[in-house]
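In what follows, a single structure is set out as structure tokens and then discussed.
The values are calculated or read from the model by the stated rules, or taken from the named source; none is laboratory data. This one's a predicted model, so the numbers in the text were calculated from it and none came from an experiment. Please note: Cβ atoms are built from the backbone with ideal geometry, for glycine as well, and neighbour counts cover all protein chains shown. Just the protein is used for accessible areas: all its heavy atoms, side chains included, with ligands, DNA and RNA removed. Shrake-Rupley method; radii C 1.70, N 1.55, O 1.52, S 1.80 Å.
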Amino acid sequence: MSLFNRRFILLAALALGACGFTPAFAPDGPAAALFGDVSPAAPTTENAYDFVEQIETRLGRADAGRFALTYDINTSEDSLGVTTDQEITRYNVVGTVDYVLTDTTTGAVVRSGQVDAFTGYLATTTLLAARTAQADAERRLMIILADKIVTELVAHAKAITP
């Protein structure tokens with residue numbers, strides 16, 4: 001069984017190489033030009049800080065990059081779990097980000113769009129635990145939203161950086 005798995009992995013790697021597959025962030029990969037060249041707008045809120053931190057983690061920090069990323073983050077909360085005593089036990093944090101990626105050399109918009117996601121948390125009996133759970137859910141949401149934007153940018157990297 002182990003020998004079969006090794007052969008399959010080797011054959012799959014050869015097949016990918018033969019079809020012209022190149023890792024996105026390889027030196028000659030389509031998204032290599034994005035790494036270290038996308039400057040997100042300065043964060044003004046805690047959610048924006050978490051969002052920008054994840055963008056920079058994935059694409060590298062760029063002080064004066066070729067591309068400027070502007071964004072508009074919107075979040076809301078929905079109550080889900082309600083007990084028979086009408087106490088809310090679970091919340092969803094829903095978020096959307098509208099983003100625009102601009103080429104700073106030409107001023108042209110090279111990519112724009114909107115991503116959305118949600119996370120959840122349990123409302124506990126203590127206020128501190130509930131606030132901590134809420135903050136954690138918001139942070140996870142910002143990471144998910146930033147990852148979605150990076151994925152879109154990587155997927156369209158050839159059109160962005162010809």
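Listed values, structure above:
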{"item": "Extreme residue, farthest from Ala123 (Cα to Cα), among residues of the stretch 87-111 that are open to solvent by 60 Å² or more (accessible area, probe 1.4 Å) and hydrophobic (A, V, I, L, M, F, W, C)", "result": "Val109"}
{"item": "Given (1) without any contact (Cβ under 8 Å) to a residue 60 or more places away in the chain; (2) part of a helix (DSSP H, G or I), number of the condition Thr44 does not satisfy", "result": "(2)"}
{"item": "Residue in the stretch 53-68 that is open to solvent by less than 40 Å² (accessible area, probe 1.4 Å), at positive phi and part of a loop (DSSP other than H, G, I, E, B) present", "result": "yes"}
{"item": "Residue that is farthest from the chain's Cα centre (by Cα), among those in the stretch 115-143 that are surrounded by fewer than 16 Cβ atoms within 10 Å (Cβ to Cβ) and under 16 Å from Glu53 (Cα atoms)", "result": "Ala135"}
{"item": "Residue that is modelled with the highest pLDDT, among those in the stretch 112-127 that are over 29 Å from Asp72 (Cβ atoms) and of a type in the set (S, T, N, Q)", "result": "Thr126"}
{"item": "Selected residue (criterion: nearest to Leu153 (Cα to Cα)) from residues of the stretch 83-101 that are assigned to a strand (DSSP E or B), at pLDDT below 95 and not hydroxyl-bearing (Ser, Thr, Tyr)", "result": "Asn92"}
{"item": "Pairs with Cβ under 7 Å, 6+ apart, first in the stretch 137-162 and in contact (Cβ under 8 Å) with a residue 40 or more places away in the chain, second among the aromatic types (Phe, Trp, Tyr) and part of a helix (DSSP H, G or I)", "result": "Met142/Phe51; Leu145/Phe51; Ala146/Phe51"}
{"item": "Filter result (open to solvent by 30 Å² or more (accessible area, probe 1.4 Å) and of a type outside the set (Val, Ile, Thr)) within the stretch 69-86", "result": "Tyr71, Asp72, Asn74, Ser76, Glu77, Asp78, Ser79, Leu80, Asp85, Gln86"}
